[in-house]
Amino acid sequence: MSQFVYEKTYGASPGEDMVYDLEALINSYNGEQSVGCVKIGREHGRIAIAAFTLLMRRLHEGHRQSGELVVVDASSGMDKYDYRVSLISTHSVAGGLPFGCLITTLESRDTLTLALTLYNSIIPEKAYFGCGAEGPEQCWRTRDRSRSCHQSRSGDQF
């Protein structure tokens with residue numbers, strides 16, 4: 001009885017049922033927004049979610065600094081299932097401005113690549129202040145366990 005009440009209130013426990021519930025919620029949200037703002041992908045047991053709001057969409061298209069520098073700030077242990085949340089942001093005179101979010105089940109390169117691929121499939125055509133799929137001039141990722149990573153638009157990694 002208590003499991004039924006819990007699932008009715010909070011949704012399914014981790015596993016396939018939770019993923020199906022999440023996919024249904026994402027489809028409903030995207031339908032309400034009239035534009036795909038969230039996307040979920042599964043590959044080899046890994047789950048990745050990419051999301052942005054309509055305000056974040058405006059930042060992509062109209063904020064000059066989004067074409068210059070992007071920081072992907074990773075964190076972990078956000079909930080009892082240890083999902084990883086990475087906030088994609090750019091700089092401004094007022095501080096960091098978020099314009100994307102990635103949620104992954106693992107912190108592996110493959111899972112992050114899946115999440116970024118999903119993210120790039122939902123961002124606007126004129127993202128990164130008109131740079132589009134080419135991306136910003138510089139992209140920094142924090143909390144890379146192997147090393148700090150800096151990648152420029154040309155693909156050079158330092």
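The values are calculated or read from the model by the stated rules, or taken from the named source; none is laboratory data. Small disclaimer: the values here were computed from a predicted structure and weren't measured. Every residue, glycine among them, receives a Cβ derived from its backbone with ideal geometry; neighbour counts consider all protein chains shown. Just so you know, the surface numbers come from the protein's heavy atoms only, side chains and all, with ligands and any DNA or RNA stripped out. Shrake-Rupley method; radii C 1.70, N 1.55, O 1.52, S 1.80 Å.
Being of a type in the set (A, V, I, L, M, F, W, C) and either in a loop (DSSP other than H, G, I, E, B) or open to solvent by 40 Å² or more (accessible area, probe 1.4 Å) (or both) narrows it down to one of Ala115, Ala74, Ala50, Ala94, so name that one. Give the steps one after another, and end with the answer.
Numbers: Ala115 fails: either in a loop (DSSP other than H, G, I, E, B) or open to solvent by 40 Å² or more (accessible area, probe 1.4 Å) (or both); Ala74 fails: either in a loop (DSSP other than H, G, I, E, B) or open to solvent by 40 Å² or more (accessible area, probe 1.4 Å) (or both); Ala50 fails: either in a loop (DSSP other than H, G, I, E, B) or open to solvent by 40 Å² or more (accessible area, probe 1.4 Å) (or both).
Only one candidate qualifies: Ala94.
Under 9 Å between Cβ atoms, at least 6 apart or on separate chains: pull out the pairs that start in segment 97-111 with a residue that is touching a residue at least 24 places away in the same chain (Cβ under 8 Å) and over 22 Å from Leu59 (Cβ atoms) and end on any residue that is acidic (Asp, Glu) and in a strand (DSSP E or B).
Once the first residue is touching a residue at least 24 places away in the same chain (Cβ under 8 Å) and over 22 Å from Leu59 (Cβ atoms) and sits in segment 97-111, its partners that are acidic (Asp, Glu) and in a strand (DSSP E or B) give Asp110/Glu43; Thr111/Glu43.
Do we have Gly67 as open to solvent by less than 40 Å² (accessible area, probe 1.4 Å) and either touching a helix residue (DSSP H, G or I) at 6+ places or on another chain (Cβ under 6 Å) or among the basic types (Lys, Arg) (or both) here?
Details: open to solvent by less than 40 Å² (accessible area, probe 1.4 Å): yes; either touching a helix residue (DSSP H, G or I) at 6+ places or on another chain (Cβ under 6 Å) or among the basic types (Lys, Arg) (or both): no.
For Gly67, the condition - open to solvent by less than 40 Å² (accessible area, probe 1.4 Å) and either touching a helix residue (DSSP H, G or I) at 6+ places or on another chain (Cβ under 6 Å) or among the basic types (Lys, Arg) (or both) - is not met.
Scanning segment 97-112 for residues that are farther than 19 Å from Val38 by Cα and not polar (S, T, N, Q), which turns out surrounded by the fewest Cβ atoms within 10 Å (Cβ to Cβ)?
So in segment 97-112, the residues farther than 19 Å from Val38 by Cα come out as 107-110.
Within this subset, residues satisfying the condition of being not polar (S, T, N, Q) are 107, 109-110.
Values: Glu107: 16, Arg109: 10, Asp110: 13.
Here the residue is Arg109.
Could you tell me which residue of segment 34-47 is most open to solvent (accessible area, probe 1.4 Å), considering only residues that are among the small types (Gly, Ala, Ser) and more than 12 Å from Thr105 (Cα to Cα)? I'd like the intermediate steps shown before the answer.
Residues of segment 34-47 that are among the small types (Gly, Ala, Ser), as a first pass: 34, 36, 41, 45.
Right, trim to more than 12 Å from Thr105 (Cα to Cα) and you get 34, 36.
On the way: Ser34: 107, Gly36: 33 Å².
Looking at residues that are among the small types (Gly, Ala, Ser) and more than 12 Å from Thr105 (Cα to Cα), I get Ser34.
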